[in-house]
Amino acid sequence: MTVIDNIELKFLSLEDYPELKKAMIEAYPSMPDAYWKEEQIKKLISKFPEGQIVIKVNGNLAGCALSIVVDYKKFERHHTYKQITGNYTFNTHQKDGDVLYGIDVFIKPEFRGLRIGRRLYDYRKELCEKLNLESIVFGGRIPNYHKYSQEMSPKEYIEKVKRKEIHDPVLNFQISNDFHPSKVLKGYLEGDTASNEFAVLLKWDNIYYEKPNETAITEKQNVRLGLIQWQMRLYQNLEELMQQAEYFVDAVSGYRSDFALFPEFFNAPLMADDNHLPESEAIRKLAEHTQNIVNRFSELAISYNINIITGSMPEIKNDLLYNVGYLCRRDGTVDRYEKIHVTPDEAKVWGMQGGNSFKVFDTDCGKIGVLICYDSEFPELSRILADEGMNILFIPFLTDTQNGYSRVRHCAQARAIENECYVAIAGSVGNLPKVHNMDIQYAQSMVFTPCDFSFPANGIKAEATANTEMILIADVDISLLRELNQFGSVKNLKDRRLDLFDLKKKC
């Protein structure tokens, strides 16, 4: 066993070439002539010095990794090693390329088992992130395949390696380092008889990659949420209600929040003047205020520089009554969302209809989704939104008892775990003695996270005091969701058995 006094990662230099040549010959005994010439190494170092590294143990060269940057669109369908290297000239290297392509990685036999290869791969990942490249790609040899080539195809061989039925030290190592096989390349490396000249195209995706923007707009990674736990009280008119709404918008924007979330039916106090009418008529009278409220919220979003999720309000469309809300962005644009599943009480008392469409919304803080109250208890909706790239799910709700609240609260937390996203819920508190069907409210607004090492152990980022009017401010880091998706203790989105079931949106 090698005693290690010193180990260091260094950029490759021409002075290393004699050791490099010797190490390659030892590393590839089945291809004794497959070593790089000194002129080729000189050209690689000249073109892309950052991509050429060696590991030295006790001053001796133990391993090496060589890379170039390519415009991958030119090669992604099918390519050979000769083509990707430009006939071994490396003229395919482009500074403005989008993929780090691994040309070579090898460890001298005497140093194997010391996890040196992992250090080389980790350096490549850090370099990929530093250069803002989309991924790392390379053709991986399958040197044990010749033993099984008469029995199975390369695809079958790869599957058996993945299931640990066949041991392939090279492929096993690459998969354990988060590289996933994407296709089989035929005739990849001339003279690689051990692999029957087949290679596995392996890929590692850079979760921090940001596609270059032509505009000055950037997508925020650290997002501040402002949740309004609204007190139900009587208001003389719409103007007085909107004064209270503006007070809360002003408060959360004063803390530089990116979003303000209002509860479901926060404007219900305006039904007090129509309490003498049947409930189904009173709710339709309330719907007459909706467009005015949306216009006012849109003005507030612009003037206070904050994205406002308006909770929900009744709205009449083609003489049918719906429970809807609006996303009023700070750039002045407005989007609409609908409650898909109305509660039995909404249908029975008010004659409310379920909506027919739902989608993810683009914002300056990434993709978000909004589900109104009862919709959060149907996991299919949020799962589809997660598949469309949702990072934050907002749930405005209205519950009268602790039982009803608990359904929303626990389902919302489940949505955060299973969809690897943040979930913010905001409800109303207090009572409305002069509004039928809206007597009492119970709420505790919260922000939920997935449950993994980068997040709170209990999955709760922040929580308001139950049944008390207040605002709740919480910061969420979108980049942690990307890390969770790739490196989490469990991977709820990736590990779904899509070979057994499929979930599709019809609308």
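Could you please let me know if Ile103 is over 25 Å from Asn58 (Cβ atoms) and among the β-branched types (Val, Ile, Thr)?
yes
Please list, ordered by first then second residue, the pairs with beta carbon atoms under 9 Å, 6 or more apart or interchain, first in the range 307-334 and aromatic (Phe, Trp, Tyr), second in a loop (DSSP other than H, G, I, E, B).
Partner pairs satisfying both residue conditions: Tyr322/Lys339; Tyr322/Val342; Tyr322/Gly354; Tyr322/Gly355; Tyr326/Thr310.
Restricting the search to the range 311-347, which residues are among the polar types (S, T, N, Q) and either closer than 15 Å to Ala301 by Cα or outside the structural domain of Leu381 (by TED's automatic domain parsing) (or both)?
The answer is Thr333, and nothing else.
Output the number of residues of the range 136-151 satisfying the condition of being assigned to a loop (DSSP other than H, G, I, E, B) and aliphatic (A, V, I, L, M).
1
How many residues, within the range 458-489, are modelled with pLDDT of 95 or more and small (Gly, Ala, Ser)?
5
Sort out which residues of the range 329-354 are within 27 Å of the chain's Cα centre (by Cα) and either part of a helix (DSSP H, G or I) or not acidic (Asp, Glu) (or both), and write them in order of number.
Arg329, Arg330, Gly332, Thr333, Val334, Arg336, Tyr337, Lys339, Ile340, His341
Just a yes or no: is a residue in the range 293-301 in the same structural domain as Ser479 (by TED's automatic domain parsing) and under 23 Å from Asn437 (Cβ atoms)?
yes
When you look at Gln221, is it under 26 Å from the mean Cα position of the chain (by Cα) and touching a residue at least 12 places away in the same chain (Cβ under 8 Å), yes or no?
The answer is yes for Gln221.
Restricting the range 466-507 to residues that are assigned to a loop (DSSP other than H, G, I, E, B) and of a type in the set (Gly, Ala, Ser), which is surrounded by the fewest Cβ atoms within 10 Å (Cβ to Cβ)?
Checked the range 466-507; the qualifying residue surrounded by the fewest Cβ atoms within 10 Å (Cβ to Cβ) is Ser489.
Where residues in the range 280-306 are in contact (Cβ under 8 Å) with a residue 60 or more places away in the chain and surrounded by 19 or more Cβ atoms within 10 Å (Cβ to Cβ), which of them is nearest to Ser445 (Cα to Cα)?
Here the residue is Ile306.
Select from the range 99-115 the residues that are over 20 Å from Glu38 (Cα atoms) and surrounded by 19 or more Cβ atoms within 10 Å (Cβ to Cβ) and write down the one among them that is modelled with the lowest pLDDT.
Phe111
Given the condition assigned to a loop (DSSP other than H, G, I, E, B), in contact with a strand residue (DSSP E or B) (Cβ under 9 Å, 6 or more places away or on another chain) and in contact (Cβ under 8 Å) with a residue 40 or more places away in the chain, answer yes or no: does some residue in the range 360-369 qualify?
yes
So, in the range 393-451, exactly how many residues are in a helix (DSSP H, G or I) and of a type in the set (A, V, I, L, M)?
Total satisfying the criteria: 5.
Looking at this structure, is Ser376 under 16 Å from Ser312 (Cβ atoms) and at pLDDT 95 or above?
When the stated conditions are applied, Ser376 passes them.
Where residues in the range 441-465 are β-branched (Val, Ile, Thr) and surrounded by 14 or more Cβ atoms within 10 Å (Cβ to Cβ), which of them is nearest to Gln231 (Cα to Cα)?
Val447
Out of curiosity, is Cys411 crowded, with 24+ Cβ neighbours inside 10 Å and over 14 Å from Asn467 (Cβ atoms)?
For Cys411, the condition - crowded, with 24+ Cβ neighbours inside 10 Å and over 14 Å from Asn467 (Cβ atoms) - is not met.
Only one of (1) in contact with a strand residue (DSSP E or B) (Cβ under 7 Å, 6 or more places away or on another chain); (2) without any contact (Cβ under 8 Å) to a residue 60 or more places away in the chain; (3) aliphatic (A, V, I, L, M) is not met by Ala414, so which one is it?
So the condition that Ala414 fails would be (1).
Regarding Thr449, is this residue under 17 Å from the mean Cα position of the chain (by Cα), assigned by TED's automatic domain parsing to the domain that holds Glu279 and among the polar types (S, T, N, Q)?
yes
Looking only at residues that are out of contact with any Lys or Arg (no Cβ under 7 Å at 6 or more places or on another chain) and of a type in the set (Ser, Thr, Tyr) in the range 179-199, which one is nearest to Ile103 (Cα to Cα)?
Once the filter is applied, the top-ranked residue is Tyr188.
So, restricting to helices (runs of 4 or more DSSP H) that lie completely within the range 1-102, which ones have at least 2 residues that are in contact with a helix residue (DSSP H, G or I) (Cβ under 9 Å, 6 or more places away or on another chain)?
Where helices (runs of 4 or more DSSP H) fall fully within the range 1-102 and carry at least 2 residues being in contact with a helix residue (DSSP H, G or I) (Cβ under 9 Å, 6 or more places away or on another chain), they are 17-27, 38-47.
Any residue that is outside the structural domain of Lys317 (by TED's automatic domain parsing), in contact (Cβ under 8 Å) with a residue 12 or more places away in the chain and among the β-branched types (Val, Ile, Thr) - is there at least one of those in the range 189-204?
yes
Show the residue pairs meeting these rules: Cβ distance below 8 Å; 6+ apart or different chains; first residue within the range 86-106 and more than 26 Å from Met31 (Cβ to Cβ); second residue of a type in the set (Asp, Glu).
Filtered contacts from the range 86-106: Gln94/Asp71; Asp96/Asp71; Gly97/Asp71; Asp98/Asp71; Asp98/Glu134.
Would you point out the residue of the range 75-94, among those that are closer than 15 Å to Tyr35 by Cα and of a type in the set (Val, Ile, Thr), that is farthest from the chain's Cα centre (by Cα)?
Within the range 75-94, the match that is farthest from the chain's Cα centre (by Cα) is Thr89.
Can you find a residue that is assigned by TED's automatic domain parsing to the domain that holds Leu480 and under 17 Å from Asn305 (Cβ atoms) anywhere in the range 274-284?
Within the range 274-284, none of the residues are assigned by TED's automatic domain parsing to the domain that holds Leu480 and under 17 Å from Asn305 (Cβ atoms).
The values are calculated or read from the model by the stated rules, or taken from the named source; none is laboratory data. As the structure is a computational prediction, the values presented were derived from the model and not from experiment. No Cβ is skipped: glycine too gets one built from the backbone with ideal geometry, and neighbour counts run over all protein chains shown.
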